[in-house]
Amino acid sequence: MTLEQASTGMETTIDVPRAEVCPTCSGSGARPGTSPVKCASCGGTGQFTRAQNTPFGQMISSTACPKCGGRGQIVTTPCEDCRGAGRVHRRRKINVKIPQGVDSGQHLKLRGQGEAAPEPGGQAGDLYVFINVRPHPRFTRSDSDLMLEVPLSITQATLGSDIEVPTLNGKARIKVPAGTQTGSVFRLKGKGMPRLHGSGTGDLHVRVNVRTPSALTARQKELLEELAAEFGEQRAAEKGDKRRPEKGEKSLIDKIVDEVKGAVQ
Ligand SMILES: [Zn+2]
Ligand SMILES: [Zn+2]
């Protein structure tokens with residue numbers, strides 16, 4: 001399921017292969033109109049009891065009758081639909097209600113929806129449905145809290161801004177104060193995942209990443225240069241050696257590396 005589905009809860013139908021009580025013989029394994037007969041080997045008890053005299057006294061042990069498999073009865077005319085097994089394999093569509101707030105690794109137990117009991121009249125087993133929530137492309141989950149990363153321009157971060165951020169099921173606004181640093185985290189209370197069984201909702205933590213602009217218009221560049229001058233900065237291109245090393249020519253750093261290598265040898 002998706003993170004959105006985990007936050008709202010969902011109702012779904014799953015396809016379950018399972019053993020069910022054979023409807024033809026109602027689980028007895030005997031063809032309709034016939035009945036299983038009492039096992040002659042164990043006399044219908046399904047067990048062999050053996051008494052043994054030992055130095056510690058008489059020991060009584062019992063084992064299942066191998067002839068009837070412990071049932072005490074033998075099917076002489078097997079049911080054609082289950083070949084005497086009393087159970088048939090079916091695929092069932094089972095409706096499952098998944099509550100909001102579930103997480104991967106958790107499971108739901110559907111009582112009595114598992115396999116039919118191997119013995120006629122026995123209680124059917126339970127069906128365990130394991131939850132697997134797919135990772136979300138934008139939100140990271142930690143229990144009931146969610147984490148989101150959003151980009152921030154240098155002007156938004158420097159001057160402060162009112163930005164819109166996505167929440168799992170909508171949108172929210174954050175007031176970014178002037179002078180916000182990259183990596184700052186803003187908490188949106190109650191915008192995370194609902195906790196299981198209705199005990200409140202987690203928070204959404206929004207981490208801002210200040211993006212350095214790479215493609216500038218001439219005007220933007222001009223303004224930033226003015227700003228740089230205002231900060232008293234000198235641009236790298238103005239003070240350094242503008243000449244790039246030609247192909248085959250060693251750069252300054254390569255020359256230094258060579259010299260260091262020479263000194264070591
Ligand atoms: Zn049957
Ligand atoms: Zn028997």
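Rule-based calculations on the coordinates, nothing more; no lab input. Bear in mind the structure is a predicted one, so any value in this text is a computation, not a measurement. In this analysis, Cβ positions are derived from the backbone assuming ideal geometry, glycine residues included, and neighbour counts consider all displayed protein chains.
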- [ ] Test residue 6 against the stated conditions and say whether it is aliphatic (A, V, I, L, M) and closer than 30 Å to residue 170 by Cα.
- [x] yes
Open item on the list: Restricting to the stretch 26-48, name every residue that is part of a loop (DSSP other than H, G, I, E, B), within 25 Å of residue 123 (Cβ to Cβ), of a type outside the set (S, T, N, Q) and more than 12 Å from ligand 1 (Cβ to nearest atom).
Closed with: 39, 42, 44, 46
Task: Scan of the stretch 29-48 for residues that are more than 16 Å from ligand 2 (Cβ to nearest atom) and crowded, with 17+ Cβ neighbours inside 10 Å, ordered by number - done: 31
Open item on the list: Being in contact (Cβ under 8 Å) with a residue 24 or more places away in the chain and surrounded by 10 or more Cβ atoms within 10 Å (Cβ to Cβ) narrows it down to one residue among 194, 177; which is it?
Closed with: 194
Open item on the list: What's the total number of residues in the stretch 1-28 that are loosely packed, with under 15 Cβ neighbours inside 10 Å, of a type in the set (Asp, Glu) and either within 30 Å of residue 68 (Cβ to Cβ) or over 42 Å from the mean Cα position of the chain (by Cα) (or both)?
Closed with: 0
Open item on the list: Could you check the stretch 49-89 and list, in sequence order, the residues that are out of contact with any Gly (no Cβ under 9 Å at 6 or more places or on another chain), part of a loop (DSSP other than H, G, I, E, B) and surrounded by 10 or more Cβ atoms within 10 Å (Cβ to Cβ)?
Closed with: 66, 67, 76, 80, 81
